[in-house]
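Asker: Next up is a structure, given as structure tokens.
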Amino acid sequence: MRGISMIRDWRHPLAVMLLSASPMALHPALAQEKGGTWLDTVTVVGTRTELAVRDNPRSVAVITREDIEKRSADSIAELLRDVPGVDVADESVAGMKRLRIRGESSRRVTILVDGQEITDHSTYGTPLLVDPATVERIEVVKGPSSVLYGAKAIGGVVNIITRKGADKPIQLEAGGSYHSGSAGWQSWAAVSGSKDGFDYRLSATTDRHGDRRVSKGQYSATGRLDDTSFNNKNLYAHLGYRFGESDNHYLALKYEQHFLESEGWPGPPGSLAGVDRFKINLPQRDRRKIGVYYDGENISDIVQKIHVDLYYQTIDRLFENQVRTAAGPGRTIDVTSTSDDRITDYGMNAQVDLDLWDGHQTIVGAQYLSDSLLTGKTSRTTRTGFAPFPVTTNSSSRDKAHIDTYSLYAQDEWSLTDGLKLISGLRLNHTRTALDETTVASRAGFQGADDTRLLSSLGLTWEPTDSLVLRASYSEGYISPTLLQLFSSTTAGGQGTTYGNPELASELARNFEIGGRYEDAGLALDVAAFYTRARDYITTTRCVAVTAYCQTTGTPGSPSSLYFNADSATTFGMEFLAEYELAAGFSPYIGGSWIRRELQHATYSTFNSDTPALSGRIGIKYEGELGDTPIWADLSLRGSTGSKQTYLNGTDLVTERLPGWGTLNFAFGGSYGENDRLTFSVNLNNILDKQYRSTFGELPGVRRSIEISARVKF
């Protein structure tokens, strides 16, 4: 087992305790508002109302601007890596990180930017293509959350809240970072300010990363992972205006533009049997969005708040896949596939907060989302050695489809007594899907479908003492099939063609959760236990004959498949986070998760779901001053137990294993000047240079590396 010497035996109780930790992004010094711990941080995402973490019936986490500035993260996902129950997944594409929550795939996690959804009709889920320099805070709710946030919120919800203007007429900012793990760099600049009710912010960012550096071993003989380079460019603009006799109305316009170019890692040497060449390119992954927001407060004695937002968003992506397989002596088959897609979204959300009765806080809302996909696919197959000369065949297709979603939701928070609150919610959701255009004759008869769901949630919090809050909750989640799964096809992954199935049903999940939060005498503690049962999971099955949906059966080395509802999952576990404040600015912390996840497939069941049983972080941090200069430091150990995945390969069950791992890390930084004019941070990662891979859904970890970042403002 690879790991640092003190934790080589994962069966030792101390090793289990040490590696059940995970709070770098969440421990109190990093997520607290001034004058309290992270339990006092106010969040909106759990209930759609402002509520401190300690009083929230759901499992929530908050990453503040201060946290972001203390990290040299190259993506939003890295900022959330240490939230208990959250895993980072990149599916072999270094520049396109996604999030898994409580073992659920990224496709079952809702990603919001300023409350507005980023959609992604792929089998992998929504990547977090948002510039960290534009982010004010990030809020996370774990577990099914469809009552408040609609489809895809089975694993949870991540809401990324962008920055507004500075509190003076003009402020200039610039920053940058260096990442030795990819020989990469990032730089950004911004101008912002506020005057006479107006506030504004303009920013631009660019970065470039080379191939990932890893420890030499089974993943790379040279210490570099081939085809893992990427680069991003981002533009962001915000203009807001506050008005009204009491300045209780706020109107804002936001614009985002993000460009990504990346490659795909082909996997460890020899991992693709019979494949001589495997190459993935993603030369384009562009997102553009414009949003309008209105917030009004203290409208009347009954109407406490009104929120309305509208947005228009496009995502353009180009995917290229090259596969060469051996088909016998002197025979090869070369397949080059492309997928050129455009996703177009426009939507609206309106919410009213009401004070209808004493002891009740009620919200009602309506949402609409129009989500369309236009995809063009090409395939070029060249067979060499089967005839005196190479034989090439070409094919192409074009599909256009859409999903329209209409929702009404309501929630009531009832203060039964001074320390007892009941929060209940309902959502009526209706979706309508349709295949608008296709050039594939066999799909011409595909019919759309309507689906109506009534979803519910229930939460209870009890505060028996000033320092303790106990909680329990029930929540439901669902996810509609993607347009690709319903109406199109994909060759991603080089495993043959997977065809859409218009008869797919929505996936459903129910979650039960209990927990407690304690804060007193320097100790802050958050513990939760959960049980989630999900059904109608969408998986694939081999095409054994040509049917209305299976257009071909493929070849023995590249068989065709069809999406269908067959799988279910049962997930249970615990998450915890704790810190104890010592004298002289030192605080030890520990946090993490224990998760067991069983997948029930059509023909077999397994706990080997690529979800480590134990994962987390433990450490000690310091905050203080050197002279008049604020400084901080953090020494930590991050790790997890091993991960296994079992899957069906033809008629055989195959199990793959990854060993447990642990890395030693040290970070420090500080600020200087009036109003923290200059800030810097240094992160020393994987100090003992261990080779590891967290899960099969993520690339091998970076070797010993350093990340340096600095920011200056005037």
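The values are calculated or read from the model by the stated rules, or taken from the named source; none is laboratory data. Values in this document were obtained by computation on a predicted structure and should not be read as measured data. Cβ sites come from the backbone with ideal geometry, for glycine too, and all protein chains shown count toward neighbours. Areas reflect the complete protein model, heavy atoms only, side chains present, ligands, DNA and RNA absent. Shrake-Rupley method; radii C 1.70, N 1.55, O 1.52, S 1.80 Å.
Asker: Within region 277-292, track down each residue that is over 27 Å from Met348 (Cβ atoms) and surrounded by 14 or more Cβ atoms within 10 Å (Cβ to Cβ).
Answerer: Across region 277-292, the qualifying residues are Phe278, Lys279, Ile280, Asn281, Leu282, Gln284.
Asker: Checking the condition under 30 Å from Thr679 (Cα atoms) and modelled with pLDDT of 90 or more, which residue from Glu581, Glu575, Glu598 passes?
Answerer: Residue meeting the stated conditions: Glu581.
Asker: So which of Asp436, Asp450, Asp399, Asp412 is in contact (Cβ under 8 Å) with a residue 12 or more places away in the chain, of a type in the set (Asp, Glu), surrounded by fewer than 14 Cβ atoms within 10 Å (Cβ to Cβ) and over 21 Å from Tyr478 (Cα atoms)?
Answerer: Asp436
Asker: Failed condition for Ser72, given (1) buried (at least 22 other Cβ atoms within 10 Å of the Cβ); (2) in a loop (DSSP other than H, G, I, E, B); (3) more than 21 Å from the chain's Cα centre (by Cα), with all others met?
Answerer: (3)
Asker: Quick check on this structure: which one of Ser262, Ser271 is more than 25 Å from Leu202 (Cα to Cα), part of a strand (DSSP E or B) and within 28 Å of the chain's Cα centre (by Cα)?
Answerer: Only one candidate passes the filter, namely Ser262.
Asker: If Gly697 meets every condition in (1) over 25 Å from the mean Cα position of the chain (by Cα); (2) more than 20 Å from Arg71 (Cα to Cα) apart from one, which number is that one?
Answerer: (1) is the only condition that Gly697 fails.
Asker: Pairs only if they're at least six apart or on different chains, beta carbon under 7 angstrom, first in region 696-714 and closer than 29 Å to Lys168 by Cα and open to solvent by less than 50 Å² (accessible area, probe 1.4 Å), second outside any strand (DSSP E or B) and of a type outside the set (A, V, I, L, M, F, W, C); list them, first residue then second.
Answerer: Ser709/Ser72; Arg711/Glu69; Val712/Arg677; Lys713/Arg677
Asker: Also, I was wondering about something else. Have a look at Asp295, Asp316 and point out the one that is touching a strand residue (DSSP E or B) at 6+ places or on another chain (Cβ under 9 Å), surrounded by fewer than 20 Cβ atoms within 10 Å (Cβ to Cβ), under 21 Å from Thr123 (Cβ atoms) and at pLDDT 95 or above.
Answerer: Only one candidate passes the filter, namely Asp316.
Asker: Sticking with this structure for a sec: Condition check: surrounded by fewer than 17 Cβ atoms within 10 Å (Cβ to Cβ), touching a Ser or Thr at 6+ places or on another chain (Cβ under 7 Å), more than 29 Å from Arg224 (Cβ to Cβ) and among the aliphatic types (A, V, I, L, M). Does Leu653 satisfy that?
Answerer: Judged against the criteria, Leu653 is a match.
Asker: Need the failing condition index for Leu460 against (1) under 27 Å from Tyr406 (Cα atoms); (2) open to solvent by 50 Å² or more (accessible area, probe 1.4 Å), just the number.
Answerer: Unmet condition: (1).
Asker: Take the conditions more than 30 Å from Ala441 (Cβ to Cβ) and either of a type in the set (Val, Ile, Thr) or at pLDDT 85 or above (or both) and apply them to Tyr563. Does it pass?
Answerer: no
Asker: Considering only region 128-187, state which residues are of a type in the set (S, T, N, Q), open to solvent by 10 Å² or more (accessible area, probe 1.4 Å) and in contact with an Asp or Glu (Cβ under 8 Å, 6 or more places away or on another chain).
Answerer: Asn159, Ser177, Ser180, Ser182, Gln186, Ser187
Asker: Moving on to the next point. Checking the structure you have, find out if any residue of region 517-529 is open to solvent by less than 50 Å² (accessible area, probe 1.4 Å) and under 25 Å from Ser506 (Cα atoms).
Answerer: So far as region 517-529 goes, no, none of its residues is open to solvent by less than 50 Å² (accessible area, probe 1.4 Å) and under 25 Å from Ser506 (Cα atoms).
Asker: Residue check: is Leu129 outside any strand (DSSP E or B) and under 30 Å from Ile423 (Cα atoms)?
Answerer: When the stated conditions are applied, Leu129 does not pass them.
Asker: Given the conditions (1) touching a Leu at 6+ places or on another chain (Cβ under 7 Å); (2) touching a residue at least 60 places away in the same chain (Cβ under 8 Å); (3) open to solvent by 70 Å² or more (accessible area, probe 1.4 Å), and given that Gln361 satisfies all but one, which numbered condition is not satisfied?
Answerer: (1)
Asker: Now for a separate question. Can you tell which of Gly223, Gly210, Gly264, Gly274 is within 30 Å of Asp114 (Cα to Cα) and either modelled with pLDDT under 90 or open to solvent by less than 40 Å² (accessible area, probe 1.4 Å) (or both)?
Answerer: Gly264
Asker: When the residues of region 608-628 are narrowed to those that are without any contact (Cβ under 8 Å) to a residue 40 or more places away in the chain and not hydroxyl-bearing (Ser, Thr, Tyr), which ends up surrounded by the most Cβ atoms within 10 Å (Cβ to Cβ)?
Answerer: If we take residues in region 608-628 being without any contact (Cβ under 8 Å) to a residue 40 or more places away in the chain and not hydroxyl-bearing (Ser, Thr, Tyr), then Ala613 is surrounded by the most Cβ atoms within 10 Å (Cβ to Cβ).
Asker: Looking at region 571-588, is at least one residue of a type in the set (Val, Ile, Thr), surrounded by 16 or more Cβ atoms within 10 Å (Cβ to Cβ) and out of contact with any Gly (no Cβ under 6 Å at 6 or more places or on another chain)?
Answerer: No, every residue in region 571-588 fails to be of a type in the set (Val, Ile, Thr), surrounded by 16 or more Cβ atoms within 10 Å (Cβ to Cβ) and out of contact with any Gly (no Cβ under 6 Å at 6 or more places or on another chain).
Asker: Within region 483-515, count every residue that is in contact with a helix residue (DSSP H, G or I) (Cβ under 9 Å, 6 or more places away or on another chain) and open to solvent by less than 10 Å² (accessible area, probe 1.4 Å).
Answerer: The total comes to 5.
Asker: Could you tell me which of the residues Val83, Val88 is modelled with pLDDT of 90 or more, of a type in the set (Val, Ile, Thr), assigned to a loop (DSSP other than H, G, I, E, B) and on the phi < 0 side of the Ramachandran plot?
Answerer: None of the others qualify; the one that does is Val83.
Asker: Could you grab me the full set of residues in region 113-127 that are open to solvent by 10 Å² or more (accessible area, probe 1.4 Å), on the phi > 0 side of the Ramachandran plot and not charged (D, E, K, R)?
Answerer: The answer is Gly115, and nothing else.
Asker: Out of the residues in region 24-63 that are in a helix (DSSP H, G or I) and at pLDDT below 75, state the one that is surrounded by the fewest Cβ atoms within 10 Å (Cβ to Cβ).
Answerer: Checked region 24-63; the qualifying residue surrounded by the fewest Cβ atoms within 10 Å (Cβ to Cβ) is Ala29.
Asker: Here is a further query. I need the full set of residues from region 595-607 which are touching an Asp or Glu at 6+ places or on another chain (Cβ under 8 Å) and open to solvent by 40 Å² or more (accessible area, probe 1.4 Å), in order please.
Answerer: Correct list: His601, Ala602, Ser605, Phe607.
Asker: When only residues in region 415-433 that are open to solvent by less than 40 Å² (accessible area, probe 1.4 Å) and not hydrophobic (A, V, I, L, M, F, W, C) count, which is nearest to Gly376 (Cα to Cα)?
Answerer: Once the filter is applied, the top-ranked residue is Thr433.
Asker: Would you call Gly328 in contact (Cβ under 8 Å) with a residue 40 or more places away in the chain, open to solvent by less than 50 Å² (accessible area, probe 1.4 Å), among the small types (Gly, Ala, Ser) and in a strand (DSSP E or B)?
Answerer: no
Asker: Examine region 365-383 for a residue that is in contact (Cβ under 8 Å) with a residue 24 or more places away in the chain, surrounded by fewer than 18 Cβ atoms within 10 Å (Cβ to Cβ), touching a Pro at 6+ places or on another chain (Cβ under 7 Å) and more than 30 Å from Leu416 (Cβ to Cβ), and state whether such a residue exists.
Answerer: Within region 365-383, one or more residues are in contact (Cβ under 8 Å) with a residue 24 or more places away in the chain, surrounded by fewer than 18 Cβ atoms within 10 Å (Cβ to Cβ), touching a Pro at 6+ places or on another chain (Cβ under 7 Å) and more than 30 Å from Leu416 (Cβ to Cβ).
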